[in-house]
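The values are calculated or read from the model by the stated rules, or taken from the named source; none is laboratory data. These numbers were taken from a predicted model, which means no experiment stands behind them. Neighbour counts run over all protein chains shown; Cβ positions are idealised from the backbone, glycine included.
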Amino acid sequence: MLTVFLIAGGLLCGLGVAAGSFGAHGLQAVLDATGRADNWETAVRYCLYHGLAILVIAVASALPQAANGRGLLHAAGWCFLLGTLIFSGCLAALAVSGVKILGAIVPIGGVLFLIGWALVVTAALRMQNT
């Protein structure tokens, strides 16, 4: 799982940087004209945050102290990955396309983020203090 999460986190962070740059330069006129620049910025920010969170989960789950919470950390990583794809993906698509139904899907990603963070806390409570 370490490799999967390192790759996923690295890809999400790289995608966040690329999307941020593209939004600021290639899409700026479109986003400003439609008033959806905030949607794009939020999508990019949450992509970066949760890409970093996945990287931390990769490292934390490799620690010997994480043995009792490793499964929970892995579940959190999958929640963050799927949540990012849904939340950031739909929000970015909404920003570019204006298809409003995408806004109704975005909260599913947000719920996955919340579940993921609850799993991280639960895993931390199960970690051994050695």
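A few comments on the model shown:
For (1) at positive phi; (2) of a type in the set (Ser, Thr, Tyr); (3) modelled with pLDDT of 95 or more, each residue gets a yes or a no:
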residue: ASN68; (1), (2), (3): no, no, no
residue: HIS74; (1), (2), (3): no, no, yes
residue: ILE108; (1), (2), (3): no, no, yes
residue: LEU119; (1), (2), (3): no, no, yes
residue: THR122; (1), (2), (3): no, yes, yes
residue: THR130; (1), (2), (3): no, yes, no
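- When the test is whether a residue is closer than 27 Å to ALA29 by Cβ, touching a Gly at 6+ places or on another chain (Cβ under 6 Å) and assigned to a helix (DSSP H, G or I), LEU112 does not pass it.
- Some residue of the stretch 62-74 being among the small types (Gly, Ala, Ser), in a helix (DSSP H, G or I), in contact with a Ser or Thr (Cβ under 8 Å, 6 or more places away or on another chain) and crowded, with 18+ Cβ neighbours inside 10 Å: yes
- Restricting ALA75, ALA37, ALA18, ALA8 to those that are small (Gly, Ala, Ser), closer than 25 Å to ALA124 by Cα and more than 13 Å from the chain's Cα centre (by Cα) reduces the list to ALA75.
- The numbered conditions (1) touching a residue at least 24 places away in the same chain (Cβ under 8 Å); (2) farther than 30 Å from GLN28 by Cα; (3) part of a helix (DSSP H, G or I) are all true for ASN129 except (3).
- Which listed residue, of VAL17, VAL56, VAL30, is part of a helix (DSSP H, G or I), β-branched (Val, Ile, Thr) and modelled with pLDDT under 95: VAL30
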